[in-house]
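The structure under discussion appears below in the form of structure tokens.
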Amino acid sequence: MASEQDHAQSSNFATQDMGAHHNINGAELEKLARHHPITVSQVPVPPFEKLANPGPLGLIGFAVTTFVLGLYQCGAGLPHSNPHGKVGPDQAVFGLAIFMGGFAQFVAGIMEFRVGNTFGTTVHCCYGAFWFSYAMFLVPSLDIKGSYAGDDRAFSFAIGIYLIIWCFLTFLFLLAALRTNWSIVGVFFFLVLAYLFLSIAQFISTQHPKASVNVNKAGGAFAVICAFLAFYAGASGLMVQETTFVRFPLGAISSGTPSNVNNA
């Protein structure tokens, strides 16, 4: 019995001693925490995701490629300023069509999908695909023109059909953009005219070659205007408060749409 009591007392003393030891450690830790605050790296940081505005990338990629091709379709730098002559400008735009108009704009469309912009992702992905498909006509190994066995009329009609469907699609985009801003509406308006005139030029190229050249030049001029507007709209998205004092107003269409909204 005595030994049991001694053992119980020793256990109680040990427990009390351990409790006191824990209290001392707790007090010391609290004191250390006051004098040595926890650093930021020790605190779990909640996830934070900031997404860039993909609109400027898509618009500028489209603008640069369209501007160059538009000038070529006007006959700039070609013999007798004839875009339908034996010396064609198409190969010079191949790289832009693949990388700027195609890849960069398609990437912008994927990014627009990520931020939830249905209009932006549809427009940029479609025109990125357009430039990829247009570049296929310029690949010598594919020899698309040669597959028509020298029938220039059939090939011209095929190109005309190819361009006219893009005219219809662009008109659809124009209708969908009527409440965005004047710059974006202008881009689609002049792009509709560019596709329309370039397709007509292809339809009449074999039967009315002189008229076809003039119509083609008009289509190229509309493409250049479209490119200027697209470049302006894309540059507007870069003029943000964090980096510059410069502002490029896009022009509000309705009172409910701010002039600096860029939905493309």
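The values are calculated or read from the model by the stated rules, or taken from the named source; none is laboratory data. Quick caveat, the model's predicted, so the values are computed rather than measured. Neighbour counts run over all protein chains shown; Cβ positions are idealised from the backbone, glycine included.
Contact map, segment 109-138: first residue free of Cβ contacts under 8 Å to residues at least 12 places away in the same chain, second residue outside any helix (DSSP H, G or I), Cβ cut-off under 8 Å, separation 6 or more or different chains; pairs are M136/L142; M136/I144. Across segment 208-235, the qualifying residues are those that are touching a residue at least 60 places away in the same chain (Cβ under 8 Å) and either more than 26 Å from C167 (Cβ to Cβ) or of a type in the set (S, T, N, Q) (or both), and the one among them that is surrounded by the most Cβ atoms within 10 Å (Cβ to Cβ) is N216. Of the residues making up segment 201-210, one or more are over 24 Å from P249 (Cα atoms), of a type in the set (A, V, I, L, M, F, W, C), in a helix (DSSP H, G or I) and at pLDDT 95 or above.
When L178, L250 are checked against the criterion of being surrounded by 19 or more Cβ atoms within 10 Å (Cβ to Cβ), within 21 Å of the chain's Cα centre (by Cα) and not in a helix (DSSP H, G or I), a single residue qualifies: L250.
Filter segment 141-168 down to the residues that are in contact with a helix residue (DSSP H, G or I) (Cβ under 7 Å, 6 or more places away or on another chain) and closer than 28 Å to G120 by Cβ and list them by number. If the condition is that a residue be in contact with a helix residue (DSSP H, G or I) (Cβ under 7 Å, 6 or more places away or on another chain) and closer than 28 Å to G120 by Cβ, then L163, I164, W166, C167 are the ones that fit.
So is A108 aliphatic (A, V, I, L, M), modelled with pLDDT of 95 or more, part of a helix (DSSP H, G or I) and over 21 Å from Y195 (Cα atoms) or not? Taking the combined requirement at face value, the residue satisfies it.
Out of all the residues in segment 146-162, is one or more assigned by TED's automatic domain parsing to the domain that holds I204 and more than 23 Å from N216 (Cα to Cα)? So that I can check it myself, show each step before the final result.
Going through segment 146-162, the residues assigned by TED's automatic domain parsing to the domain that holds I204 turn out to be 146-162.
Next, only the ones that are more than 23 Å from N216 (Cα to Cα) stay: 147, 149.
Yes, segment 146-162 contains at least one residue that is assigned by TED's automatic domain parsing to the domain that holds I204 and more than 23 Å from N216 (Cα to Cα).
Suppose the filter is modelled with pLDDT of 95 or more and within 24 Å of I110 (Cα to Cα); does A194 pass it? Judged against the criteria, A194 is not a match. Looking across segment 137-165, the residues that are at pLDDT 95 or above and either farther than 21 Å from V213 by Cβ or not hydrophobic (A, V, I, L, M, F, W, C) (or both) come down to G160, Y162, I165. Applying the set (1) in contact with a Ser or Thr (Cβ under 9 Å, 6 or more places away or on another chain); (2) loosely packed, with under 15 Cβ neighbours inside 10 Å; (3) of a type outside the set (S, T, N, Q) to F168 leaves exactly one unmet item: (1).
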